[in-house]
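*Asks:* Just dropping this structure here.
Nothing in this text is a laboratory measurement; each read-out follows from the coordinates by a stated rule. All values derive from a computational prediction rather than experimental measurement. Because the Cβ atoms are built from the backbone with ideal geometry, glycine has one as well, and the counts that use them run over all protein chains shown.
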Amino acid sequence: MQIDGNVERLQATAKALGNLMEQLCLVGGTAANLLITDPGASPLRPTLDVDLIVETTQYPEYHHFCQGLAVLGFTQDPGDDPICRWKRGDIVVDIMPLDEKILGFSNRWYRSAFATKLDSTLPSGERIFHVDAPH
């Protein structure tokens with residue numbers, strides 16, 4: 001694991017999401033930090049948000065999950081932000097459901113990424129699920 005600002009952001013995000021992290025799988029740029037095993041590898045590009053997928057296949061399930069985000073103090077800005085974006089202070093997360101019918105978009109590999117997710121423990125002690133290298 002390569003420790004840098006991305007991992008620090010991820011640790012803060014995992015702590016803020018608490019038990020909801022058990023339902024999520026990390027995808028996107030921040031996940032790369034968890035897959036690097038070479039201590040001499042070049043630093044990765046910093047990311048400003050954390051991309052996560054949630055295993056929901058119907059809108060009511062996704063809505064229920066989002067209510068949990070709101071309880072934790074996360075909010076959405078209906079302005080220029082993507083429909084999947086939630087914020088709490090400096091923490092920015094994009095939470096995408098597996099089924100494209102829920103928000104009108106998806107990624108063809110979300111389902112297989114969720115099915116083959118890896119389990120890791122961050123340096124701060126938080127447990128996180130994330131994509132494997134082939135994804």
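*Asks:* Take the residues in segment 1-30 that are touching an Asp or Glu at 6+ places or on another chain (Cβ under 8 Å) and part of a helix (DSSP H, G or I), then tell me which one is surrounded by the most Cβ atoms within 10 Å (Cβ to Cβ).
*Replies:* Selected residue: THR30.
*Asks:* Suppose the filter is in contact with a Cys (Cβ under 6 Å, 6 or more places away or on another chain) and either surrounded by 16 or more Cβ atoms within 10 Å (Cβ to Cβ) or not in a loop (DSSP other than H, G, I, E, B) (or both); does ASP51 pass it?
*Replies:* Considered against the rule, which asks whether it is in contact with a Cys (Cβ under 6 Å, 6 or more places away or on another chain) and either surrounded by 16 or more Cβ atoms within 10 Å (Cβ to Cβ) or not in a loop (DSSP other than H, G, I, E, B) (or both), ASP51 comes out as no.
*Asks:* Quick one: count up the residues across segment 108-128 that are more than 13 Å from the chain's Cα centre (by Cα), under 21 Å from LEU17 (Cβ atoms) and assigned to a loop (DSSP other than H, G, I, E, B).
*Replies:* Counting residues in segment 108-128 that are more than 13 Å from the chain's Cα centre (by Cα), under 21 Å from LEU17 (Cβ atoms) and assigned to a loop (DSSP other than H, G, I, E, B) gives 5.
*Asks:* Take SER112 and decide whether it is of a type in the set (Ser, Thr, Tyr) and either free of Cβ contacts under 8 Å to residues at least 12 places away in the same chain or touching a helix residue (DSSP H, G or I) at 6+ places or on another chain (Cβ under 6 Å) (or both). Please lay out each step first, then the result.
*Replies:* Details: of a type in the set (Ser, Thr, Tyr): yes; either free of Cβ contacts under 8 Å to residues at least 12 places away in the same chain or touching a helix residue (DSSP H, G or I) at 6+ places or on another chain (Cβ under 6 Å) (or both): no.
For SER112, the condition - of a type in the set (Ser, Thr, Tyr) and either free of Cβ contacts under 8 Å to residues at least 12 places away in the same chain or touching a helix residue (DSSP H, G or I) at 6+ places or on another chain (Cβ under 6 Å) (or both) - is not met.
*Asks:* Does at least one position in segment 73-93 carry a residue that is touching a residue at least 12 places away in the same chain (Cβ under 8 Å) and among the acidic types (Asp, Glu)?
*Replies:* Yes, segment 73-93 contains a residue that is touching a residue at least 12 places away in the same chain (Cβ under 8 Å) and among the acidic types (Asp, Glu).
*Asks:* Something else now. If a residue must be under 20 Å from THR121 (Cβ atoms) and either touching a residue at least 60 places away in the same chain (Cβ under 8 Å) or under 15 Å from the mean Cα position of the chain (by Cα) (or both), how many such residues does segment 30-50 contain?
*Replies:* Result for segment 30-50: 7.
*Asks:* Restricting to segment 13-66, count the residues that are of a type in the set (Lys, Arg) and closer than 18 Å to ARG88 by Cβ.
*Replies:* 1
*Asks:* Do we have LEU44 as assigned to a loop (DSSP other than H, G, I, E, B) and buried (at least 16 other Cβ atoms within 10 Å of the Cβ) here?
*Replies:* The answer is yes for LEU44.
*Asks:* Within segment 64-123, which residues are among the acidic types (Asp, Glu) and loosely packed, with under 13 Cβ neighbours inside 10 Å? So that I can check it myself, show each step before the final result.
*Replies:* Here is the first cut: in segment 64-123, the ones among the acidic types (Asp, Glu) are 77, 80-81, 90, 94, 99-100, 119.
If the condition is that a residue be among the acidic types (Asp, Glu) and loosely packed, with under 13 Cβ neighbours inside 10 Å, then ASP77, ASP80, ASP90, ASP119 are the ones that fit.
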